[in-house]
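Chemist: Submitted below is the structure of interest, expressed as structure tokens.
The values are calculated or read from the model by the stated rules, or taken from the named source; none is laboratory data. Since the model is a prediction, treat every value here as computed from it, not as a measurement. Because the Cβ atoms are built from the backbone with ideal geometry, glycine has one as well, and the counts that use them run over all protein chains shown.
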Amino acid sequence: MKHSEKAFTFSSGGLVGIVSVPETPANGTGVLVIVGGPQYRIGSHRQFTLLCRDLAAAGIPAMRFDYTGMGDSEGPLRNFEEVEEDIQAAVETFFEHCDGLKKVVLWGLCDAATSATFHAWKDPRISGMVLLNPWVRTIAGEAKARMKHYYLSRLVDPALWRKILTGKFDFSGSTKDFIGSASSASVHVDSSSLPERMRTSLEKFQGKILFILSGNDLTAREFDDLAKSSAWRELISRTERHDLAEADHTFSRRQWRDRVYSWTIEWILKEK
């Protein structure tokens, strides 16, 4: 489907956004892509440009933007917990640039996914979220994920045993690393931690949620472990999820990105 693109500034000229608008919108739902963390628009992170163009080609309006201090936007860099004002300004601007837009889905990878959860429940026009490898990092959570998904997998790695048999394995360094991870894994997680705040926000949100997780990524594995806990089980049961077993954190290969785009488009077009 034919579509057009337009770049602009908003929020008193401090933020830069680009909207991709289809010639014939499909169902009144648009996607706002939140770009997380300092990055450049080449390599794996070009996926946000390609995603918006694929969405528009499928009849779904899409907008991507740089929040304050990131990319082309002005101001001091903010972290993912400080961008709710920018997200709200982007939502308002999205509606201004897309006639017929009725609802918005927030789409984010890593810390951008987490930022989306903090804001989505506050605006009734936000009907859904697509969350890729959400960032729920704590010292204890990272250590547990590393113990479970890294050290155990290494035990069946032929490369490890070749190092051991040829005397090239660093027993001292590896032992210190293992003990450090084991110690961190036992740390108590305070109720005000990032995972708890994210869960609280998700429970307040009344819209639909799609999780997309990479198989070859510690951040995704940390979230997966959290999602399987009793505190999260009921919440997760109300969401939809897709997994890409071989994919890395940024879905950097074309076939992985294309699969993510297909899942996103199919899920959006089911929106009523």
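Chemist: Confirm whether GLY128 is modelled with pLDDT of 95 or more and under 18 Å from VAL31 (Cβ atoms).
Modeler: The answer is yes for GLY128.
Results for (1) surrounded by 14 or more Cβ atoms within 10 Å (Cβ to Cβ); (2) among the hydroxyl-bearing types (Ser, Thr, Tyr); (3) under 17 Å from SER12 (Cα atoms); (4) in contact (Cβ under 8 Å) with a residue 40 or more places away in the chain, shown as yes or no for each residue.
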site: THR68; (1), (2), (3), (4): yes, yes, yes, yes
site: GLU81; (1), (2), (3), (4): no, no, no, no
site: ALA89; (1), (2), (3), (4): yes, no, yes, yes
site: LYS103; (1), (2), (3), (4): yes, no, no, yes
site: LEU109; (1), (2), (3), (4): yes, no, no, yes
site: LYS122; (1), (2), (3), (4): no, no, no, no
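Chemist: To continue, here is another question. Given the conditions (1) assigned to a strand (DSSP E or B); (2) surrounded by fewer than 20 Cβ atoms within 10 Å (Cβ to Cβ); (3) charged (D, E, K, R), and given that ARG64 satisfies all but one, which numbered condition is not satisfied?
Modeler: Of the numbered conditions (1) assigned to a strand (DSSP E or B); (2) surrounded by fewer than 20 Cβ atoms within 10 Å (Cβ to Cβ); (3) charged (D, E, K, R), the odd one out for ARG64 is (2).
Chemist: Could you tell me whether PHE169 is outside any helix (DSSP H, G or I), surrounded by 12 or more Cβ atoms within 10 Å (Cβ to Cβ), at pLDDT below 95 and outside the structural domain of GLU85 (by TED's automatic domain parsing)?
Modeler: yes
Chemist: Let me ask something else about it. Run SER73 past the list (1) over 19 Å from the mean Cα position of the chain (by Cα); (2) part of a helix (DSSP H, G or I) and report the number of the one that doesn't hold.
Modeler: Answer for SER73: the failing condition is (2).
Chemist: Consider region 230-256. How many of its residues are charged (D, E, K, R), surrounded by 13 or more Cβ atoms within 10 Å (Cβ to Cβ) and either modelled with pLDDT under 95 or assigned to a loop (DSSP other than H, G, I, E, B) (or both)?
Modeler: The qualifying residues number 2.
Chemist: Let me ask you something else. Condition check: assigned to a strand (DSSP E or B) and not hydroxyl-bearing (Ser, Thr, Tyr). Does ILE212 satisfy that?
Modeler: Yes; evaluated as a whole, the condition is true for this residue.
Chemist: In this structure, does ALA58 turn out to be assigned by TED's automatic domain parsing to the domain that holds LEU106, small (Gly, Ala, Ser), buried (at least 17 other Cβ atoms within 10 Å of the Cβ) and farther than 15 Å from LEU32 by Cβ?
Modeler: Spelling it out, ALA58 is indeed assigned by TED's automatic domain parsing to the domain that holds LEU106, small (Gly, Ala, Ser), buried (at least 17 other Cβ atoms within 10 Å of the Cβ) and farther than 15 Å from LEU32 by Cβ.
Chemist: For region 46-53, state whether one or more residues are in a loop (DSSP other than H, G, I, E, B) and not basic (Lys, Arg).
Modeler: No, there is no match, as no residue in region 46-53 is in a loop (DSSP other than H, G, I, E, B) and not basic (Lys, Arg).
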